[in-house]
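Inspection log for the structure reproduced underneath, given as structure tokens.
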Amino acid sequence: MAGFASVVVRPEVVRAVAKGNRDAQESIYRDFSKPVYTMAFQILQNMQLAEDVTHDTFVAVFTKSPKLRDPTSFSGWIRRIAVNHCLMVLRSSSHKHAVPWDEQTLAEDSTVVDHERTIDLERALQVLPPATRLVVWLYVVEGYTHAEIGNLFEKSQSFSKSQLSRALSKLRHSISSPHLSIDQIFRSTTAVRSCEAR
């Protein structure tokens, strides 16, 4: 699963992007398009919307890069732009009507669980409502804190904690094992952290 943390960008490449250098822009696109698309698709569960978010993210990156003061924050900066574009889609009225995720959807889901009683993160995300998917992705995969997630949603950090707690509760219920921790529920991620410790 492609994540932003795995991409290393040299400061001189960032400076070249800010000057409009096409080779540097292509290099950045090659390095970051997969993490941006992967995150957008996992959150929005729609290929076209994920492609739109990817496109819009890079338009913003190439347009706004001259204003970036610290080249070492480039990866986090791109990630924030991509997250904000996902949030804009989730907040749009057309998306709210197009995505049928709700409590009943989760209850009716037939997620297959392997013999170790764990769920693959991508499969688990599919059964969660969109906003909850975004919170789980940001916390588990991207390493955001609850306070940072709360700020993105313009809410308190308790919003993030409650969304994550609700997601874990639903996932535990769906696999009939109420005592699993977050690292036992999710596997195959590089940034799984215990939500109980936060």
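The values are calculated or read from the model by the stated rules, or taken from the named source; none is laboratory data. What you see is a predicted model, and the numbers here were worked out from it, not measured in a lab. When we count neighbours, we look across all protein chains shown, and the Cβ atoms used for this are built from the backbone with ideal geometry, even at glycine. For accessibility, only protein heavy atoms count, side chains too; no ligands or nucleic acids. Shrake-Rupley method; radii C 1.70, N 1.55, O 1.52, S 1.80 Å.
General observations
- Residue ID - modelled with the lowest pLDDT, chosen from residues in the range 8-38 that are under 18 Å from Thr57 (Cβ atoms) and outside any helix (DSSP H, G or I): Val9
- Flag for Ser73 being in a helix (DSSP H, G or I), modelled with pLDDT of 85 or more and of a type in the set (Gly, Ala, Ser): yes
- Failed item, numbered, when Thr63 is tested on (1) surrounded by 13 or more Cβ atoms within 10 Å (Cβ to Cβ); (2) of a type in the set (Ser, Thr, Tyr); (3) at pLDDT 85 or above: (1)
- When the range 28-44 is filtered for residues that are over 19 Å from Pro130 (Cβ atoms) and among the polar types (S, T, N, Q), only Ser33 remains.
- Count of residues meeting criterion [closer than 12 Å to Thr54 by Cα and not aromatic (Phe, Trp, Tyr)] in the range 1-29: 0
- The set of residues in the range 40-52 that are open to solvent by less than 10 Å² (accessible area, probe 1.4 Å) and modelled with pLDDT of 90 or more comprises Ala40, Ala50.
- Test: residue in the range 133-142 that is part of a helix (DSSP H, G or I), open to solvent by 30 Å² or more (accessible area, probe 1.4 Å) and within 21 Å of Met88 (Cα to Cα): no
- Checked across the range 98-118, the condition of being modelled with pLDDT of 75 or more and closer than 26 Å to Asp56 by Cβ holds for no residue.
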